[in-house]
Every structure is written in structure tokens, then in C-alpha cells.
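Below is one structure, written out as C-alpha cells; the observations come after it.
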Amino acid sequence: MKKKEKKNPGADMICSVSELVNLVKQGQDILGVLSTMVSIVCRHTEADACSIYLYNEKKKKLVLQASAGLNPELTGNFSMSLDEGLIGLTLKELRPVCESKGQDNPAFKPIPNSGEEQYTSFLAIPIVRGSHRVGVLALQDREPAQFTESDIQQLQAIASQLSPILESAQLLIEIPEKYQQPRKELKPVSLIRGTPVVEGVAIGEAYYIEGPEADSSFITAYDTGYSETIEGFHSAIARTEEQLETLQAQLEEELTDVASLIFSSHMLMLRDAGFSGAMEKLIKEGTAPSEAVIKVANDYISIFSASSNPRMREKMQDTKDLGHRILKNLIQNRADTGNYSGHIVLTNELLPSELLKLAAQKVEGIVLFGGGTTAHINVLASSLHVPLIFTEDENLFNIPSAANLALDALEGVLFVQPDQAVLKRLKQLKAGAERLEHQENEIQEKTFTADGERIYLRAAVNLISDLQLAQRFKAEGIGLYRSEFPFLIRSDVPTEEEQYRIYRIVIRALGHPLATLRTLDVGGDKTLSYIPDTEEANPFLGLRGIRFLLKNRLILAAQLRAMIRAGGTRKPLRILFPLISSLDDFRDAKNVVEYSLKKLEKEGHGRFPFPKLGAMIELPSAVEMAQELAQEADFLSLGTNDLIQYMLGIDRTNEKVASLYDTCHPSVLRAVVRVAEAAREARCPLSVCGTMGSDPCSIYFMMGLGIKEFTMPPSRIPAIQTQVVKMKYKQAQKDAKHIASLGTLTEVRKFLTESAIT
């Protein structure tokens, strides 16, 4: 690349990239590849020195990782910030730096003991991948003014070609750093912050299941502590089968909609000759039973994880769960019948059957490390009432085993070695929650405000297990049954017959005439792994709610048929469509209902009354169309979780902006006003669910707009009724007009907190 003539340097350099790829394939370690890389660049550019600096984002440092022409002892040991020298300037400003005499530039900073004082000309190019800073590729030469504009362009092309390899190099270099960082660098911890998943309070000792260094994909060896035999293997298989049958039987009645779906694949796999039979074959050939279990299970895990079929990949989790269980049952001196009462489990992984086992054995609470929870775990933990938070704080695994812990899963905080003040406060919260569980005798059959206005508190039901609580707390019907959970917790679409049995239980559970079934609401943070092409760059603005259903009409039609059949012929069923954005959406869904009714009659199921159809108001577009929707629909439901999200442009699953998600935002309140007015004018029933449907201040405001139906988790009904009976409906009507006129969050909060409870 010097001024002297040479043959097509760009073409030569492209060939050298191919050489580097071959070097990687041939087994050179990453530092060897980088060393070869700078030598090749030097040779092709005829520069006297070439260096590669890679950017360590965590340390905010550019590290010299390879050099031809500088002191080799500096490689891996010299670093600089983005504010230091010409190298730092190059990456900081993301532009080439070319100097005839590098040392004359005010930003130049000499590298001690590097030998660079012999070089004059300087050229550095930033290496980027997309918007990600990777590093700097630098050339130096003894002669001044050796690099031209053409050289800059050619080196930029070279840097672009090398950037994928260099980015991979940086990642590979950093991985050992992460694993080599000793735990002693983590300071003793007294508090871990996380995100609440299942609210509650727990007090107990720390109990580890798996830590952050546990292999997340494959099963690893257990120390059995005894001489393994094939008879022991047979006993372990028999015991595993017995445990699965017992767990399934215990949970079948309470979790009919999901429990059997969890364990059916485990049972089938356990009985498969290709699984347990392959283990037995290896044992007979001389392999230790534990090693045989590990080998076969990991072979299956590899096959499932490599499959392009999402349904096959889901089996990886089942296989790992089953392999762990068999291994534990091989360990005679580690009985699997211990009680977890008095313990808070800390783990970086939680399998569905493990959660069920922990809950059945009275675990106090769970803290899950990294990545959030799956739909399986979230739903099961909620239904089993196990307090659960997840955290990304690695200090979780610096907590001593058996340390005293206090888990506040209301706020998402884990206290380590809590003092008496913390324990007293959490014990009071726990006692209050326990009192709540037994106060059904204090709940009134009907809810009235202080001045006699009738208010309806309905239950939001996720799983069949929630129905018992709804009945105990005297919910006035089911305002919302979220039908997606039987879909989310399994690896294929439930059949029409399976759905029918579930919906029939839901409709008949409370003996109340009002039961609202919402059609499948997936997308956003709830995805079906077994449906192809569900991964989206922006899922909350993608194929979700009614959009997904209208795109997958066979799924919608089967669900509607099951719902209509479950509703029977005596009274119209209420069916609610999620994420309606237009009148066209609603009419398209209504057409599928008409088709389903005709199909049922044609197949001999009889004639069913046309169900009452409702639209969920969750989008700004639906707010704009509220008048037309109120005239067309039989009822409306304000889905306030998504309404707030879309009104404010806030991803409610993103912790970075979670604090901005606010029910008191004036724009949200004014949107509610518009919908309430539209419903009132059309004489269309309107209910509210989600965050605002179980918040006393929001309820006070919405009561003032004439809204009288509120849907909430059954556990919230006692507390909400206690608040509502103190409110005055007529005063709320006066206050609502004033609240809607306020322009700031501060004003709204102040007024609501002062006026809601009178």
C-alpha cells in the first residue's frame, strides 16, 4: 500500500483473508490466528509494522492483542482507553486517522518500551460490526507520508473483511476472563435485587440446586457414593416412573389444564426402549449405570437441540429433566423425599417437574438467576403460590449455603442475613397474606360503595387452579379466562376436545351466569415455540393477539368450536377477542364464529345460540375506534396492561424503562375517558382488567366515569372490596372530571392518593 508500485494489493489482501479462515480451520488458537493476521497484513501492505487492538467493552479498554513490528512482550499486556492516543481517537470517533508524522499529532501518546519510536507514518482504521465497536487495525512505517487516500480505502476494505473474525476473537478472548474471575472478587452480599414473578414473602435458609457454572445444556456426572449395579438401575427407573405417576396424580385434579401435559412426554420417553433400553444395553456391556444414563440422555439432548423443528427442540428440556431424575434415584444415600420447608432455593435453572416437586415439598420461595422465567415456570409458580423472583446479579452465588434469607417477592428483593427489623416487617407481610387466605367469611357476596352504588368484582383466571380461590373470595363471575396457558405450557396445539373439557370446567366452576373466555392471546412476551416463524425483531408490534388468530384461522376455528360447545345451549357464552385494532378485525373474527356455528350444526353437534362477542381495547387505534366498536360489539373490555404499554410506547418487560410505565399518565386516563363515553353512548357494557383493574386509585377514577365492572386476580378481591366500600360513587363522578383535566403525573398522583379513599 506504499507509494511504490505493487500488484493489485486489494486482491492480494482478499486472498489472505481466505488464508486466515483456513488457519482457523486447521486448529490454530485465536492468538495464533491474530499473530498470523498482522504478519499477512504487513506483508501485503509492505508496512513496517501492523497491530490489532481489540476493544474490551466491559473494561472500556483497547487491548493490544497482536503486533508485527512492536515489542511482543506488550501483546495482551498493554491497553489504553478511548481517550488515549491516536488508537483511542480512531475508535472513539469511528474514523480513520492518517498522519504523515504520527508523533506531530497533539493526540499522539507514545507506548513505553514498544519500539515504535523508529516509525514515522501512521494509519489506523476502526473495526466495527454494525454499531458495535470491535477494535482498531493500525499500520506504521519508518518513512514519512507513506499512506495515501487510496491506502485508507483499501485498509477500510481489509478491516471490513476481517471484522467478523476479529469480533469472534474478542468474544473468545473474553470468555476465559469470565470463567477465570475468582468468586472472591465478588464482595460479600447483603441484598440481591431482582424482578418479581410471583408475589409473596418467604423466610428460610439458602439451598442451592444449580449454580452459574453448572452446564446449561448437558447432564453432568453425580457422585453416587456406592458400587453401581444393573439392579440399582432397574430400581431407579421404577422409582422414577413411580414419582412421575404420583406427581401427575397429585396435580391432575387441581391443574387439569396443564399438569398432564407436562408429564406425558416424560412418561413416554421413560418407557421408550430407545431411551431406557439403550441405557440398559450399555450397562450390560460394562458401562457404569450413571455413565450410561448420562451418555444416552446427552445423545438425545444433542439430537433434539440440533433439530430445526421447534417441537423437537422442546424435548431437550424434558430429556434433561428426566435424566437428572434417574441419576438422583441412582444415588441411594441421597433420598429424594426430603422436605424443603424452611428453605429458599437458589438456582440458575428450574425445570417444570422440579418446581412441582419443590412446591409439593413445601419450599418457601425461589430465586432464579439469569434470563427471566419461561411461561412454564411463571404460570406454574403463580398457580402453586410459590414466591419467585429472577435476578441477573451474579452475587447471588456468593451467598453461603444455609445462610439465613428473607425473600420479598412483592418488591423483588432478597435479604441475606436479614436483621430483626427486616424480619419483623416481612413476617408481618407474611402474616397479613396468610390472614387474607382465610378471610372469605368476611367478604360480602355483593360489593357496594359507601353511598350504595353496585360494583362488580370479577375474577381473572389463568389456570383451573385459580377457580377455587375465585369461589372462596366470592368473585361475581369470570371477567377474563386467559385461554393461552394450555397452549404455552405444552409443545403442540391442544386439540378441540382437550380445550372443550377445560372450557367446560371454567364455565361451570362458579355457578355464576357470567363467564368470559378470551381467545388465544400470544405474541409479544408469549410465544408458541411449535408455530413456525414466530421469532420477530419487534414482537410487541408483530403478529400477536387477533392478528395471529386471523393468520392461523384453523387454530381460531378449533378454539371457537370448543368454547361454543362448552357454553352449551342454555345461555349465550361471552367470547372476547384480544388486541382488536379496527372494526375490520372484529368483523373478521365474527365471521369465523359464524362459520364455526354452521360447522358444528352440520356435524351434528346441535344448534347453539350465537355467543356474545367482545373486543379488547388495548391499542390507541382501538381507542380512536371505540365508538364504532361499542356499537358493533356486545361488550368491551379495557386491557390496561397493553393499553398503557402502547399509549406510552414502553415495553413493560424492559427493566430499563419499567419505571416509566405508569397508570396515572394523563394520556392513559384520557384514553379511558374516551372509551367510557363511547360505551355509555352505545349502551355497551364495559369492564376493566389488567393493572388498572385491581388498583384502588384507578378504580376510583374509573368509577367516576361510570365503569362498574372490574376484573382482577382472585387474591386481590378481598383487599379491593375493602377499599371500594369506603369510596363514594357520587364524589368519584365529580373528581373524575377534574382528574382528567390534570396535565402532569405529579398532579394526578397527588389528587388520587388524597381523594380515592374517603
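Read-outs throughout are calculated quantities, based only on the coordinates presented, and are distinct from any laboratory measurement. Computed from a predicted structure; not experimentally measured. Ideal geometry is used to build each Cβ from the backbone, glycine not excepted, and the neighbour counts take in all protein chains shown.
Close amide-amide hydrogen proximity is noted between Leu410 and Gly200, each under 5 Å apart and 5 or more residues distant or on a separate chain (H modeled in the peptide plane; Pro and chain starts excluded). Rounded to the nearest whole Hz, the Karplus-based 3J(HN,Hα) values (6.51 cos²θ - 1.76 cosθ + 1.60, θ = phi - 60°) of region 109-116 follow the sequence 9, x, 9, x, 6, 8, x, 7, with x at glycine and proline. Label separation (Gln468 vs Ser160): 6.5 nm, computed from points 7 Å beyond Cα along the C-beta direction. In terms of distances greater than 25 angstrom between alpha carbons, the cross-link table entries Lys474/Lys734; Lys320/Lys551; Lys295/Lys328; Lys571/Lys599 yield Lys474/Lys734; Lys320/Lys551.
Near the amide H of Gly542, within less than 5 Å, lie the amide hydrogens of Gly524, all on another chain or at least 5 residues away, with H placed in the peptide plane. The string of couplings for region 56-64 from the Karplus curve (6.51, -1.76, 1.60, θ = phi - 60°) is 8, 5, 5, 8, 6, 9, 8, 10, 5 Hz, one whole number per residue in order, with x for Gly and Pro. Looking at region 63-169, none of the chymotrypsin sites (Phe, Trp or Tyr not before Pro) sits in a DSSP loop with at most 10 other Cβ atoms within 10 Å of its own Cβ. Taking trypsin sites (Lys or Arg not before Pro) across region 602-654, the ones in a DSSP loop with at most 14 further Cβ atoms lying within 10 angstrom of their Cβ are Arg607. Close amide H partners of Ala403, meaning residues 5 or more places away or on another chain with modelled amide H under 5 Å apart, are Ala206. For region 64-155, GluC sites (Glu not before Pro) are listed when DSSP marks them as loop and at most 11 other Cβ atoms sit within 10 Å of their Cβ; the list is empty.
The phi-based Karplus calculation (6.51 cos²θ - 1.76 cosθ + 1.60; θ = phi - 60°) puts the 3J(HN,Hα) values of region 577-583 at 9, x, 6, 5, 10, 7, 5 Hz, whole numbers, x for Gly and Pro.
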